[in-house]
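> Sharing a structure, written as structure tokens. Questions coming.
The values are calculated or read from the model by the stated rules, or taken from the named source; none is laboratory data. The shown structure was predicted, so the numbers you read here are calculated from the model rather than taken from an experiment. Neighbour counts run over all protein chains shown; Cβ positions are idealised from the backbone, glycine included. SASA here: full protein model, heavy atoms, side chains in, ligands and nucleic acids out. Shrake-Rupley method; radii C 1.70, N 1.55, O 1.52, S 1.80 Å.
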Amino acid sequence: MALKKNSGYGLIKGLTHHIDNLMIDVSTGALFKTPPKITFKPSVEICQDCSGELLVKKTRTKKAVTLAIGVFKAHETVLECKICKKIYASEELQKLIPPLCNFGYDVLIYVGKSMFLQYRNEKEIREDLRHKNVFLSKKGIAYLAKKFIVYLALAHRESSEKIKNLLSKGGGYILHLDGTCEGDSPHLMTGLDEITEIVLENVKLSSEKAEKIIPFLRNIKKSYGDPLAVVHDMGKGIINAVEEVFPDSPDRICHYHFLADVGKDLFGNENAKIRGRLSKHGIQGKLRKRVREFKKIIDDNPDLVESLVNGLKAQSIENSLQPNLMPSVAAYTLALWALAGKKQGQGYGFPFDRPYLTFYQRLKTIYPKFKELNAVELGTRKDNKPYVKILRDLIDTMDDSFLRRTAEQMKEKITVFDKLRSAMRIALPDGKLGLNDNGEDTDIHTIEKGVKDFCKLLS
């Protein structure tokens, strides 16, 4: 294969197309025994500014890596205008490999999409790339991922005029504003068009105060003009900032955020009390300790799980397990189920999901179960020791009358709150979409009627 005589970009494109047509699953590492040398040179022969003759200034070779053929040597000829001294490099190579980089844009995009769209870590991405004859360290993958974000941000900024034209063709845009933060980290404020779901702007802010948000909104206004309407949560800073920058645009509250604020006001206090009481009793830590203890017993008896499964199939568990081991298995299973209550929910977050209340309710469920199990003598009373340990761990939590009353109060308020969710047709109690929930496809008049009926129910 006379690689030196072919155009670099054209060769790679041709090879990729040929492989796709053959539909063969072959590693790029199997295409060449040694990295091929591919020549690149500018496509122009005379200076585009002064029409002067172009002379060879220098040649340079560097290692390059793309997903298309793996590793190759890029041999580039750089030309210089004899008259004005303008430098011309290969456009084809520039389309393949970023400046001052050995890895192609396709590798950069692959890493970025894998990490930020498929939520894969550096180790997983590294293993995938290895099979494609692309070898990167975890540090190198992290660097390319950051570079991907920078390129994406620059591309977005350069496309603002195109985005504006697209929004104009659709009649305008509806600006949805939302901010989020984790712990003491900066607030990430995002503005997107509700119609196209295109992110228009985002920025990190030290707080959600109006004076911090106003410059952000002015940038959006400068780039895309006034929105048809603005939708946001009930934060005071956002409300004041919108009033300052978009005084003539209809201002609306997001139904999801409205519900979230209602729920937090309605039973946020009870939720905090339940969390505090559970923390005071240290029940979560106690159960985790028991789970580790019982798991060790199970791990030390590798045939235990298989025996249990066979017993369940035969509907005769008592004959499938050694009597002295059954309490450990039962205690491990019930304690693990209770702890899993802390992770239950539909992904909406509080107040739609209530992990502390769910955890407490599961504790109330397993407590009488352990009492029943402890009343059964399988061999000697000593065999029931796992049940006794759990019962001792639970007793303070179960005897907490303040915790019990608070949980009942919260359950009553949740019943009312869930009726409002149903009336507003969003983040429904049986919903599974989490933060991606855009609500049921229902007209606003039906929602309005549902909310009015809910208000009548309260009066």
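> Just to check I understand the Karplus step: with θ = phi - 60° and J = 6.51 cos²θ - 1.76 cosθ + 1.60, what whole-Hz values come out for the range 136-144, glycine and proline as x?
These are the phi-based 3J(HN,Hα) values: 9, 6, 4, 5, x, 5, 4, 5, 5 Hz.
> Looking at the range 334-459 from every direction and averaging, what is the projected area of its Cα convex hull in nm²?
Working: hull surface 40.3 nm².
Average of the hull's projected areas for the range 334-459 equals 10.1 nm².
> Grab the beta carbon distance between residue 385 and residue 164, set R0 = 60 Å, and tell me the FRET efficiency rounded to 0.05.
It comes to 0.25.
> With the other protein chains left in place, how much accessible area per residue, in square angstrom, belongs to the chain at a 1.4 angstrom probe? Can you show the working numbers first?
Values: 27470 Å² over 459 residues.
Averaged over the residues of the chain, the accessible area is 60 Å².
> In whole percent, what relative contact order does the range 46-192 give with Cα contacts below 8 Å and a gap of six or more residues? List each step's numbers first, then the result.
Working: 170 pairs, mean separation 22.0, N = 147.
After rounding, I find 15 percent.
> Along each principal axis of its Cα atoms, how long is the range 342-383 end to end? Whole angstroms, biggest number first, please.
Computed over the range 342-383, the largest-to-smallest principal extents equal 48, 13, 12 Å.
> Taking 2.2 N^0.38 Å as the expected size of a compact globular protein, what ratio does the Cα radius of gyration of the range 44-108 give against it, to two decimals?
Values: Rg = 13.8 Å, N = 65, 2.2 N^0.38 = 10.7 Å.
In units of the 2.2 N^0.38 Å rule of thumb, it is 1.28.
> Follow-up. Run the accessible area of the chain with a 1.4 Å probe and give the carbon-and-sulfur part as a rounded percent.
Values: 14630 of 27470 Å².
Solvent-exposed carbon and sulfur of the chain make up 53 percent of the total.
> How large is the translational diffusion coefficient of the range 240-289 in µm² per second when you combine the Kirkwood radius over alpha carbon pairs with Stokes-Einstein at 10 °C and 1.306 mPa s?
Details: Rh = 14.4 Å.
D, rounded to a whole number, is 111 µm²/s.
> Ranked highest first by the average count of other Cβ atoms within 10 Å around their residues, in what order do 420-433, 120-133 fall? Write down the numbers at each step before the final one.
Working: 420-433: 17.2, 120-133: 15.6.
In decreasing order of mean packing, 420-433, 120-133 become 420-433, 120-133.
> Could you rank the peptides 442-453, 37-48 by their average count of other C-beta atoms within 10 Å per residue, with the highest value first?
Numbers: 442-453: 11.9, 37-48: 16.2.
Per-residue mean Cβ counts within 10 Å order the peptides as 37-48, 442-453.
> Here are some pairs, 389/411; 62/123; 41/86; 63/95; 413/456; 289/432; which of them have Cα atoms lying more than 20 Å apart in this structure?
Values: 389/411 29 Å; 62/123 27 Å; 41/86 15 Å; 63/95 16 Å; 413/456 17 Å; 289/432 32 Å.
Too far apart for the 20 Å limit: 389/411; 62/123; 289/432.
> Same structure, new question: State, to one decimal in nm, how far the label point of residue 77 lies from the label point of residue 95, with both points 7 Å from Cα in the Cβ direction.
1.9 nm
> Quick one: compute a quarter of the convex hull surface over the Cα atoms of the chain and quote it in nm². Don't skip to the end; give the middle numbers.
Values: hull surface 139.3 nm².
Result: 34.8 nm².
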